[in-house]
Amino acid sequence: MKIKKPKFWDKKYVTFFSVILWPLSFFYQIFLSLKKSITKKNKFSTPIICVGNLYIGGTGKTPIAIKIFEIFKDEKHPVVIKKNYKNQKDEIELLLKYSKVISHKKRSFSINEAASKKFDLLILDDGFQDFSINKNLNIICFNGQQKIGNGQTIPSGPLRQNLSALKDCHIILINGKKDYEFEQKLKKYNNNLKFFNFNYYPKNINEFKNRKLIAFAGIGNPENFFDILKSNRLNVIKEISFPDHYEYSRKDLDNLMDLEKKYNGKLVTTEKDYLRIGSFERKRFGMVPVKVKIEKEESFVELIKKFIK
């Protein structure tokens with residue numbers, strides 16, 4: 001069972017817990033700096049686009065990796081590279097549903113396999129913190145609601161690295177509305193950053209209209225899923241959050257179905273959560289797949305092409 005993200009991570013001010021944990025964050029960042037300095041960076045002949053994050057979880061890396069695959073699949077031979085984590089089988093299954101995927105315990109193994117199979121564009125789903133790989137293009141995703149949280153690194157806050165790591169980044173993708181103040185804050189660390197916004201749109205919204213919905217999710221930021229439903233004027237009567245990559249037990253599913261009876265509503269969840277539910281039980285649950293729309297997509301694509309020539 002996984003631990004839910006601490007609420008103090010997203011406070012806009014320093015809290016008691018973030019201060020207490022700050023020494024651990026300090027030593028963690030020293031460890032990362034040392035690791036980066038001593039790690040040999042390997043160059044590969046095939047262009048590599050890395051879709052990463054600084055804020056841990058819930059920033060949209062996987063949907064963006066799929067979107068980039070869809071953009072280039074007709075003019076190139078792309079593949080998504082996903083490190084094989086035991087607790088992220090849901091993301092691999094989701095990627096396989098919409099793209100071609102190679103997944104090993106080491107990204108370098110996957111990259112070499114991709115080269116042997118003549119793929120000519122590699123899309124890393126995560127991997128910004130993998131210092132052993134030289135990337136042609138680094139894209140960092142943020143969510144417009146959480147942004148950088150309290151601005152501290154883990155465990156004092158939600159950031160995997162200090163914002164100074166943005167010096168190695170080229171493009172920032174923000175899920176939500178344009179936020180000039182946030183952009184200027186990030187530009188302090190890299191004035192050459194290019195910013196684009198994207199949003200999620202449910203594919204099957206009409207299926208759930210005029211129904212009472214019990215929404216549940218075990219993703220990085222479950223509230224973002226609930227907001228998508230409500231912003232599309234769906235009647236969400238109850239919201240239930242689970243930890244990221246949560247593996248639902250038989251008891252969890254029974255409890256959810258009891259709530260369905262109690263409130264006379266329809267259980268709905270994300271596509272990733274749906275894939276973590278056994279195939280036999282899935283028929284009892286509604287699933288809301290989303291598509292990604294990137295604002296100024298043509299400019300986004302043209303910018304990418306400059307890095308992968």
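The values are calculated or read from the model by the stated rules, or taken from the named source; none is laboratory data. Quick caveat: nothing in here was measured; it's all calculated off a predicted structure. Please note: Cβ atoms are built from the backbone with ideal geometry, for glycine as well, and neighbour counts cover all protein chains shown. Keep in mind that these areas ignore ligands, DNA and RNA; they rest on the heavy atoms of the full protein, side chains included. Shrake-Rupley method; radii C 1.70, N 1.55, O 1.52, S 1.80 Å.
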Original post:
Looking at the range 98-133, which of its residues are aliphatic (A, V, I, L, M) and either open to solvent by less than 20 Å² (accessible area, probe 1.4 Å) or part of a helix (DSSP H, G or I) (or both)?
Top reply: I102, I111, A114, A115, L121, L122, I123, L124, I133
Original post:
Given I92, I64, I30, which one is farther than 23 Å from K5 by Cβ and either in contact (Cβ under 8 Å) with a residue 12 or more places away in the chain or not polar (S, T, N, Q) (or both)?
Top reply: I30
Original post:
Do you know which residues across the range 17-35 are under 11 Å from T153 (Cα atoms) and either open to solvent by less than 70 Å² (accessible area, probe 1.4 Å) or among the charged types (D, E, K, R) (or both)?
Top reply: S18, L21, P23, S25, Q29
Original post:
Is it the case that some residue within the range 6-16 is touching a Lys or Arg at 6+ places or on another chain (Cβ under 9 Å), open to solvent by less than 50 Å² (accessible area, probe 1.4 Å), closer than 30 Å to T270 by Cα and in a loop (DSSP other than H, G, I, E, B)?
Top reply: no
Original post:
Of all residues in the range 226-239, which are open to solvent by 70 Å² or more (accessible area, probe 1.4 Å) and acidic (D, E)?
Top reply: E239
**OP:** Would you mind telling me which numbered condition in (1) within 30 Å of K296 (Cα to Cα); (2) under 17 Å from the mean Cα position of the chain (by Cα); (3) in a loop (DSSP other than H, G, I, E, B) V51 fails?
**Re:** (3)
**OP:** Restricting attention to the range 54-89, report how many residues are in a loop (DSSP other than H, G, I, E, B) and either out of contact with any Asp or Glu (no Cβ under 6 Å at 6 or more places or on another chain) or hydrophobic (A, V, I, L, M, F, W, C) (or both).
**Re:** 11
**OP:** Among the residues of the range 20-44, count how many are of a type in the set (D, E, K, R) and outside any helix (DSSP H, G or I).
**Re:** 3
**OP:** Note down all Cβ pairs under 7 Å where the first residue falls in the range 235-264 and is under 18 Å from E281 (Cα atoms), the second is part of a strand (DSSP E or B) and open to solvent by 60 Å² or more (accessible area, probe 1.4 Å), and they're at least six residues apart or on different chains.
**Re:** L259/K238
**OP:** Name the residue, out of E183, E223, that is of a type in the set (D, E), over 24 Å from I48 (Cβ atoms) and either more than 17 Å from the chain's Cα centre (by Cα) or surrounded by 20 or more Cβ atoms within 10 Å (Cβ to Cβ) (or both).
**Re:** E183
Original post:
Identify, please: which residue in the range 246-277 is over 28 Å from the mean Cα position of the chain (by Cα) and assigned to a loop (DSSP other than H, G, I, E, B) and is, among those, nearest to F216 (Cα to Cα)?
Top reply: G265
**OP:** For the range 104-156, enumerate the residues that are small (G, A, S) and more than 17 Å from the chain's Cα centre (by Cα).
**Re:** S108, S110, A114, A115, S116, S132, G151, S156
Original post:
How many residues are out of contact with any helix residue (DSSP H, G or I) (no Cβ under 8 Å at 6 or more places or on another chain), hydrophobic (A, V, I, L, M, F, W, C) and either more than 21 Å from G220 (Cα to Cα) or open to solvent by less than 70 Å² (accessible area, probe 1.4 Å) (or both) if we restrict to the range 73-97?
Top reply: 1
Original post:
Which residues, taken from the range 148-188, are among the hydrophobic types (A, V, I, L, M, F, W, C) and under 19 Å from P6 (Cα atoms)?
Top reply: I148, I154, L159
Original post:
Within the set of pairs 6 or more residues apart or between chains, which connect a residue that is at positive phi inside the range 43-61 to a residue that is crowded, with 24+ Cβ neighbours inside 10 Å with Cβ atoms less than 6 Å apart?
Top reply: G60/C141
Original post:
Which one of the conditions (1) open to solvent by 70 Å² or more (accessible area, probe 1.4 Å); (2) free of Cβ contacts under 8 Å to residues at least 12 places away in the same chain; (3) within 23 Å of the chain's Cα centre (by Cα) does F280 fail to meet, given that it meets all the rest?
Top reply: (3)
